[in-house]
1. Specify which of the listed residues (A:Arg158, A:Arg153) is at pLDDT 95 or above, open to solvent by 50 Å² or more (accessible area, probe 1.4 Å) and assigned by TED's automatic domain parsing to the domain that holds A:Arg96.
2. It is to be established whether one or more residues within region A:21-34 are among the β-branched types (Val, Ile, Thr), near DNA strand D (Cβ under 9 Å from one of its atoms), under 30 Å from B:His5 (Cα atoms) and not assigned by TED's automatic domain parsing to the domain that holds A:Leu152.
3. Every residue in region B:36-71 that is under 14 Å from B:Leu21 (Cβ atoms) and within 13 Å of chain A (Cβ to nearest Cβ), please.
4. Would you point out the residue of region A:25-35, among those that are of a type in the set (Gly, Ala, Ser) and without any contact (Cβ under 8 Å) to a residue 60 or more places away in the chain, that is nearest to the other protein chains (Cβ to nearest Cβ)?
5. Out of curiosity, is A:Thr104 closer than 26 Å to B:Leu112 by Cβ, polar (S, T, N, Q) and either away from DNA strand D (no atom under 16 Å from the Cβ) or open to solvent by 80 Å² or more (accessible area, probe 1.4 Å) (or both)?
6. From the list B:Tyr150, B:Tyr111, B:Tyr143, which residue is within 8 Å of chain A (Cβ to nearest Cβ) and in contact with a Gly (Cβ under 8 Å, 6 or more places away or on another chain)?
7. Looking only at region B:1-36, filter to residues that are within 12 Å of DNA strand C (Cβ to nearest atom), part of a helix (DSSP H, G or I) and farther than 25 Å from B:Asn88 by Cα; which one of those is most open to solvent (accessible area, probe 1.4 Å)?
8. Just to check your reading of the model, which residue among A:Thr113, A:Thr81 is open to solvent by less than 80 Å² (accessible area, probe 1.4 Å) and free of Cβ contacts under 8 Å to residues at least 12 places away in the same chain?
Number of protein chains: 2
Amino acid sequence: MSLRHALLGLLAEHPASGYDLLKRFDTSLANVWPATQSQMYAELSKLADTGMISVAAEGPRGRKEYTLTDEGLVELRRWLTETKPQRNTRSDILLRVFFLGVLTPEQARGYLTELIELSEQGEQDLRRLDESIDWDDDDLSVYGRIALEYGLRFNAMRREWAEWAAAQIK
Amino acid sequence: MSLRHALLGLLAEHPASGYDLLKRFDTSLANVWPATQSQMYAELSKLADTGMISVAAEGPRGRKEYTLTDEGLVELRRWLTETKPQRNTRSDILLRVFFLGVLTPEQARGYLTELIELSEQGEQDLRRLDESIDWDDDDLSVYGRIALEYGLRFNAMRREWAEWAAAQIK
DNA sequence: TTTCGACATGTCAGAATAGGAATGTCGAAG
DNA sequence: CTTCGACATTCCTATTCTGACATGTCGAAA
């Protein structure tokens, strides 16, 4: 399970509450690992139970601020380095492409056009995100920028591919 | 749920048994929508219950050959055209990138190097797959080729990105 | 004729995901 | 001082996914 490690990773930067983490997931991490509120709070409880994180302070509205424990940091590093064979990514978008043959050529082209628009939208969103973040020059943010660059290249590649694909349909 | 529709899509080409479909998933579809045997048989039962598919013939070892019903084809077309907002793809590979800051620069570069190798491997596998398939020129296979091209471009893009990213780490 | 690999399906427990409802508190603006 | 939006967590149900385990049959080769 990667949600577990995503939470450890975010807490490695600085302590935060479930609510804080939720917002982080909604913005940057949403693109690589979407998660819901119910899942997060449940996972935080489990991580606290197993000693990976601990409640550092309690705030105003029952707010619990979690910190990464030494044990949690060890586990995070283990996950990062002992990268087991990574699972195939699931893509319903691409899955549909396999079956476009049951549609008319016009409909199929229509779908690919949607993908082009989706990619353009994605590129724009990422550019906006880029501008909205103040990339203070701490070490951690280097990787945030690298991840963002991935997103930009990915969307560009997908757009070009979809344009090419639309042209293939006779 | 997309597994449901993936099965409908495969059956749209020609009737098949669960066992047959399983093999299809292990090869081409594994890259976009991995699924296990237990999931498949369960899903086939459900699809049969709801009338999307039906048992056309029974074979040797309790083999049940399923066919797509008219109702199933309608549902498949609906799924393809009324493409609801597509969910974000999950990528544990990219997720790790966000947290490489907790490692040493050497370790981080090591991870990116793994990604480069993974991408090269992916490109090779796809090229081999390409050669192994006899692309008979029916209409359906056009989209198989288009999907394969996506995979090739995706891996190439990821490799180039990882090379660039490794160079960013000071 | 035995034996073994490929064929073929079914079931089950446990984890992960999705999406929502319920509940309550604090602080600032009016 | 009231009200309302943001803060903050917990609980719930249903579905999906994972990884095993269980069971059995057919056909070909030794």
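1. Details: A:Arg158 fails: open to solvent by 50 Å² or more (accessible area, probe 1.4 Å).
That would be A:Arg153, the only listed residue that is at pLDDT 95 or above, open to solvent by 50 Å² or more (accessible area, probe 1.4 Å) and assigned by TED's automatic domain parsing to the domain that holds A:Arg96.
2. Within region A:21-34, the subset among the β-branched types (Val, Ile, Thr) is A:27, A:32.
Then keep just the ones that are near DNA strand D (Cβ under 9 Å from one of its atoms); that gives none.
No, every residue in region A:21-34 fails to be among the β-branched types (Val, Ile, Thr), near DNA strand D (Cβ under 9 Å from one of its atoms), under 30 Å from B:His5 (Cα atoms) and not assigned by TED's automatic domain parsing to the domain that holds A:Leu152.
3. B:Thr36, B:Gln39, B:Leu68
4. As a first pass, look at region A:25-35 and keep what is of a type in the set (Gly, Ala, Ser): A:28, A:30, A:35.
Add one more test, that the residue is without any contact (Cβ under 8 Å) to a residue 60 or more places away in the chain, and what stays is A:30, A:35.
Working: A:Ala30: 6, A:Ala35: 10 Å.
Among them, the one singled out is A:Ala30.
5. Working: closer than 26 Å to B:Leu112 by Cβ: no; polar (S, T, N, Q): yes; either away from DNA strand D (no atom under 16 Å from the Cβ) or open to solvent by 80 Å² or more (accessible area, probe 1.4 Å) (or both): yes.
Spelling it out, it is not the case that A:Thr104 is closer than 26 Å to B:Leu112 by Cβ, polar (S, T, N, Q) and either away from DNA strand D (no atom under 16 Å from the Cβ) or open to solvent by 80 Å² or more (accessible area, probe 1.4 Å) (or both).
6. On the way: B:Tyr150 fails: in contact with a Gly (Cβ under 8 Å, 6 or more places away or on another chain); B:Tyr111 fails: in contact with a Gly (Cβ under 8 Å, 6 or more places away or on another chain).
Answer to the check: B:Tyr143.
7. Once the filter is applied, the top-ranked residue is B:Tyr19.
8. A:Thr81
The values are calculated or read from the model by the stated rules, or taken from the named source; none is laboratory data. In this text, all values refer to a predicted model and were calculated from it rather than measured experimentally. Reconstructed Cβ throughout: ideal geometry from the backbone, glycine too, with neighbour counts over all protein chains shown. All accessible areas refer to the heavy atoms of the entire protein, side chains included, with ligands and DNA or RNA removed. Shrake-Rupley method; radii C 1.70, N 1.55, O 1.52, S 1.80 Å.
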